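All of the numbers you see were taken from the coordinates with simple rules; none came from a lab. From a predicted model like this one, the values you see are computed outputs, not experimental measurements. Note that each Cβ is placed from the backbone with ideal geometry, even for glycine, and that neighbours are counted across all protein chains shown.
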């Protein structure tokens, strides 16, 4: 087996946390086989994520710092990744299942006629083949699949794997590579970005408190927000509440919203339709609060409270304030 490669997803010099989670998985696989772990970093002004890649476990970094890669565009990125994989004989290529990671690794796998395991929640080796667990059919089934062949790709679901503790004393070899396409060969252009500001960051949240139809209206999210604030978590929502205009779409968790894997997910007034479960069933601990004892969410929850959320949430909030000294 050749070395293990991990593509580091970064935007303007800041890497996505899922990239470090992927490096942690890559480190374990590389150590199992006694091969080096190589991080691949593309972009412009990327010295910070290059150095961080060593801190999170990389032995070597392949770096391409070029103006044509300043913004993510599939054409130059996939051409370069394919060349890097071919030139270095990589057999395993990992990345985060972010929007960019899904697109890039899928395109590279297609160009290399290679297998791809997408959005995996568990990953290991079976012989020389990657073996993964991944949710299918909107999360109703967990499927086990293997990839084989000269090159194998996998994208990892955010927060499904622990990120390693960074070791700032680590360093390694940085090898610069040249871009494959020049600017005049790239058909797409990035004119600019419109930034959406806000405090919602469901993908990286360790704790999420989500409200559903049971909150009754926009004002019903007040106790949900208060509990989330006390716990230092983010506020999520079901599709029904978003469709009703009670809360912005950025908060939606589910098949047509965000897919999350927090350490703690508190579902408040959410019945637990399969579309919602698809977005949160990989949470480490699920707590359900609902007045309907037959709500499907209780089958998924580790802990359940049957009761009026407008009585339960304030009581929980006060208890956590006392416990956490807030």
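What separates the Cα centres of region 207-227 and region 287-326 is a distance of 12 Å. Extension gain, residue 255 to residue 45: 0.36 nm times the residue separation minus the Cα-Cα distance gives 72.0 nm. Mind giving me the FRET efficiency for residue 32 and residue 168? R0 is 30 Å, r the Cβ-Cβ distance, nearest 0.05 is fine. E(calc), rounded to 0.05, equals 0.75. Take the Kirkwood radius over Cα pairs of region 4-185, plug it into Stokes-Einstein at 10 °C and 1.306 mPa s, and you get 99 µm²/s for translational diffusion. Matching the structure-derived Kirkwood radius over Cα pairs in Å against the labelled list (i) 21.1; (ii) 24.3; (iii) 20.1 gives the label (i).
Taking neighbour counts of Cβ atoms within 10 Å as a proxy for exposure, in what order, fewest first, do 5, 310 appear?
Values: 5 27, 310 16.
So the residues, fewest neighbours to most, are 310, 5.
Structural descriptor for region 241-281: relative contact order 41 percent, calculated from alpha carbon pairs under 8 angstrom and at least 6 residues apart. Where a ≥ b ≥ c are the square roots of the eigenvalues of the C-alpha gyration tensor, would you call region 40-96 rounded, which needs a/c under 1.5, or, failing that, prolate if a/b is larger than b/c, or oblate? Taking the square roots of the gyration eigenvalues as a ≥ b ≥ c, region 40-96 is oblate.
Here the extension length gained between residue 136 and residue 284 equals 51.4 nm, from 0.36 nm per residue of separation less the Cα-Cα distance.
Among bridges DSSP assigns within region 1-122, what percent are antiparallel (round to 5)?
Values: 2 of 15 bridges.
Taking every DSSP beta bridge with both residues in region 1-122, the antiparallel ones total about 15 percent.
Kindly identify region 79-157 as rounded, prolate or oblate by the Cα gyration tensor criterion: order the square roots of the eigenvalues as a ≥ b ≥ c, call it rounded if a/c is under 1.5, otherwise compare a/b with b/c, prolate if a/b is larger, else oblate. Note, shape of region 79-157 comes out oblate.
Taking label points 7 Å from Cα along the Cα-to-Cβ direction, residue 12 and residue 146 give a separation of 4.5 nm.
A simple spin-label model places pseudo-atoms 7 Å from Cα toward Cβ; at residue 275 and residue 244 they are separated by 1.5 nm. Remark: the Cα gyration tensor places region 202-324 in the rounded category, a/c being less than 1.5. Our helix-only sum for the chain, with -39,500 (n - 2.57) per DSSP H run of n ≥ 4 divided by its residues, gives a mean residue ellipticity at 222 nm of -9000 deg cm²/dmol.
Ordered by the number of other Cβ atoms lying within 10 Å of each residue's own Cβ, fewest first, 251, 12, 276 fall into the sequence 12, 251, 276.
Between residue 303 and residue 175, what's the calculated FRET efficiency when r is the beta-carbon distance and R0 is 41 Å? Round to 0.05.
Details: r = 50 Å, r/R0 = 1.21.
Calculated value: 0.25.
Output the relative contact order of the chain, whole-number percent, from Cα pairs under 8 angstrom with separation of 6+ residues. Across the chain, relative contact order equals 14 percent.
Between region 9-59 and region 122-180, the alpha-carbon centres lie 12 Å apart. Of all DSSP-defined beta bridges confined to the chain, some 25% are antiparallel rather than parallel. Between helix 309-324 and the chain, what is the angle of the helix's C-alpha long axis to the longest principal axis, kept within 0 to 90° and rounded to the nearest 10? Value to nearest ten degrees: 60. Among 18, 242, 6, sorting on how many other beta-carbon atoms sit within 10 Å of each Cβ, with the fewest leading, yields 242, 18, 6.
Its Cα gyration tensor gives region 284-326 an equivalent ellipsoid. The semi-axes, each the square root of 5 times an eigenvalue, are 22, 13, 5 Å from largest down.
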